[in-house]
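Encoded as structure tokens, the structure appears first; notes follow it.
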Amino acid sequence: MSEAMHAMGVPTTRSLAVVATGQRVFRDTALPGAVLARVASSHLRVGTFQYARATGNVELLRRLADHAIARHHPAAARSERPYLALFEAVVAAQASLVARWMLLGFVHGVMNTDNMTISGETIDYGPCAFMDAFDPATVFSSIDHGGRYAYGTQPAVAEWNLARFAETLLPLIDADEERAVELAVESLGGFGPRYSDAWSTGMRAKLGLPDGLDQAVVSALVDDLVLLLREGRVDWTGFFRALGAAARAETGPARSLFLDLAGFDAWAQRWRALGPETNAMDRVNPVYIPRNHLVEEALTAATDGDLDPVRRLLEAVCSPYDERPGLERYAQPAPEHFGAYQTFCGT
């Protein structure tokens with residue numbers, strides 16, 4: 001997952017090595033245990049700041065914030081209010097990051113505060129997965145019974161996590177707590193517009209739309225498409241890749257994904273009239289992602305000692321935008337018999 005995200009340009013932690021321990025780990029069944037060595041620009045999370053704040057030691061909190069500024073957001077040090085500037089930098093980084101997830105159909109699965117980095121890198125690939133059929137209510141994690149971390153709730157959860165981060169920084173933002181809260185709330189208000197801008201920019205790119213279009217035209221086009229995708233439970237990744245061919249007059253592959261053919265035809269006519277740029281679309285719409293059935297296939301084989309499926313899957317997803325002969329199955333959604341997919345923290 002992390003290598004695929006990296007290849008698609010998403011800020012992420014990386015996997016350096018997996019080392020078997022020789023011990024069994026009990027999840028839903030007994031499985032072979034291992035230690036994952038994960039590489040990041042740092043492992044500072046919102047949870048790290050919550051822990052420091054909980055100690056009641058403001059100087060410890062200040063040292064931690066100074067370290068985060070120096071390592072990740074050095075421009076904040078030049079601000080009149082450096083700790084508020086740190087918060088705003090993290091807000092901006094997370095708004096951009098979550099928008100990138102959403103544009104790729106990625107569902108993190110366990111977006112608690114300990115899994116939100118200060119750097120803006122994706123961390124913790126436990127119960128995550130990519131959507132096949134588009135549905136904002138998509139949930140994969142076995143422990144997410146209420147849908148808190150569903151695909152469509154990820155921006156709201158990110159904003160909630162950032163509010164918790166703001167709470168930790170209040171003693172550093174201003175000596176007057178009421179003033180600190182006022183400043184933090186104002187800065188947190190920037191998350192929504194930043195996320196919306198990143199999402200809109202990303203959707204323009206996915207649809208190949210030229211610069212200079214009226215935002216109202218773009219918003220209406222995107223909103224109508226999302227509704228069509230949702231109603232038809234259309235494969236998110238497959239559709240956007242096929243749409244590039246539709247701009248070249250090869251409408252069949254994209255059109256065949258919809259039940260409401262008239263609805264798609266009407267939408268596609270509006271879209272083509274705007275002059276989409278197909279080569280640009282192919283640079284942002286991946287052919288290959290870690291499809292859930294392929295991930296399970298690779299995990300099952302690896303558990304039995306066969307790493308070839310893992311290597312073949314990595315070969316596909318590490319060059320996600322380059323369509324290659326012989327890799328057709330890696331571009332297909334799960335077969336119907338695969339059924340509902342559930343992920344676990346030990347995956």
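All of the numbers you see were taken from the coordinates with simple rules; none came from a lab. Please read all numbers here as calculations on a predicted model, not as lab measurements. Heads up, the Cβs are rebuilt from the backbone with ideal geometry, glycines too, and the neighbour counts pull from every protein chain shown.
Three principal axis extents of segment 27-179 based on alpha-carbon atoms, in descending order, are 48, 34, 25 Å. Kindly identify the chain as rounded, prolate or oblate by the Cα gyration tensor criterion: order the square roots of the eigenvalues as a ≥ b ≥ c, call it rounded if a/c is under 1.5, otherwise compare a/b with b/c, prolate if a/b is larger, else oblate. Oblate shape, in that a/c is at least 1.5 and b/c is the bigger or equal ratio. For segment 4-49, the pair-distance distribution built from all alpha carbon pairs, in bins 5 Å wide starting at 0, is 5, 17, 15, 17, 17, 19, 9, 0 percent.
What does the net charge come to around G232 if you take all other residues with beta carbon closer than 12 Å to its beta carbon, with K and R at +1 and D and E at -1? Walk me through the numbers on the way to the answer.
Values: positive: R230, R233, R255; negative: D135, E231, D235, D260.
Taking every other residue near G232 into account, the sum is -1.
Once you charge only the Cβ atoms, +1 for Lys and Arg and -1 for Asp and Glu, what is the size of the charge dipole of the chain about its Cα centre, to the nearest 20 debye? Write out the running numbers ahead of the final one.
Numbers: 31 positive and 42 negative charges, 121 e Å.
The dipole of the chain has a size of about 580 debye.
Note on segment 1-97: percent of Cα-Cα distances in each 5 Å bin, starting at 0 and stopping at the bin with the largest distance, equals 3, 11, 14, 17, 15, 14, 11, 9, 5, 2, 1. Taking Cα atoms only, the orientation of helix 308-317 departs from the longest principal axis of the chain by about 90 degrees. With only Cα atoms counted, segment 103-233 has Rg and Dmax values of 17.4, 54 Å. Other residues with beta-carbon under 14 Å from the beta-carbon of E182 carry, at +1 per Lys or Arg and -1 per Asp or Glu, a net charge of -4. Given springs between every Cα pair under 10 Å in a Gaussian network model of the chain, which of L60, L228, L162 has the largest fluctuation? Residue with maximal mean-square fluctuation among L60, L228, L162: L60. Net length available on complete extension from V310 to E178 is 42.2 nm, with 0.36 nm assigned per residue and the Cα-Cα distance removed. Largest first and in whole Å, the equivalent-ellipsoid semi-axes of segment 281-333 read 22, 10, 8, each the square root of five times a Cα gyration tensor eigenvalue.
How do 178-185, 256-263, 231-238 rank on mean C-beta neighbours within 10 Å, highest first? Could you put the intermediate results ahead of the total?
Working: 178-185: 15.6, 256-263: 13.6, 231-238: 19.6.
Highest-to-lowest ranking by the protection proxy: 231-238, 178-185, 256-263.
More than 15 Å apart: what percent of Cα pairs in segment 150-221 qualify? List each step's numbers first, then the result.
Details: 1642 of 2556 pairs.
I get 64 percent for the Cα pairs in segment 150-221 exceeding 15 Å.
Would you mind pulling out the separation of the Cα centroids of segment 1-54 and segment 252-319, in Å? Going from one Cα centre to the other spans 26 Å.
Multiplying the residue separation of D28 and E167 by 0.36 nm and removing their Cα-Cα distance gives an extension gain of 46.4 nm.
Projected onto planes of every orientation and averaged, the convex hull of the alpha-carbon atoms in segment 232-311 covers 6.4 nm².
Taking Cα centre as origin and charging only the Cβ of basic (Lys, Arg, +1) and acidic (Asp, Glu, -1) residues, the dipole magnitude of segment 280-347 rounds to 180 debye. The eigenvalues of the Cα gyration tensor, multiplied by 5 and square-rooted, give segment 199-259 an equivalent ellipsoid with semi-axes of 20, 14, 9 Å from largest to smallest. From the residues A216, G190, T122, which one has its Cα farthest along the dipole of the chain in the positive direction, the dipole being from +1 and -1 charges on Cβ of Lys/Arg and Asp/Glu about the Cα centre? Comparing the listed Cα positions along the dipole, T122 ranks first. Available extension along the chain between E59 and E277 is 73.1 nm, counting 0.36 nm per residue and deducting the alpha carbon span. Relative intensity of segment 77-153 on a log10 scale, I(q)/I(0) at q = 0.23 Å⁻¹, equals -1.05, per a Debye sum over C-alpha point scatterers of equal strength in the absence of solvent.
FRET efficiency for the D322 to V185 pair, using the beta carbon distance and R₀ = 45 Å, is estimated at 0.50.
Using just the helices of the chain, give the 222 nm mean residue ellipticity in deg cm²/dmol: DSSP H runs with n ≥ 4 each add -39,500 (n - 2.57), and the total is spread over all residues, rounded to 500. Intermediate values should be presented prior to the final figure.
Values: 14 runs with 174 residues, N = 347.
Taking each H run of at least 4 residues, the total per residue is -15500 deg cm²/dmol.
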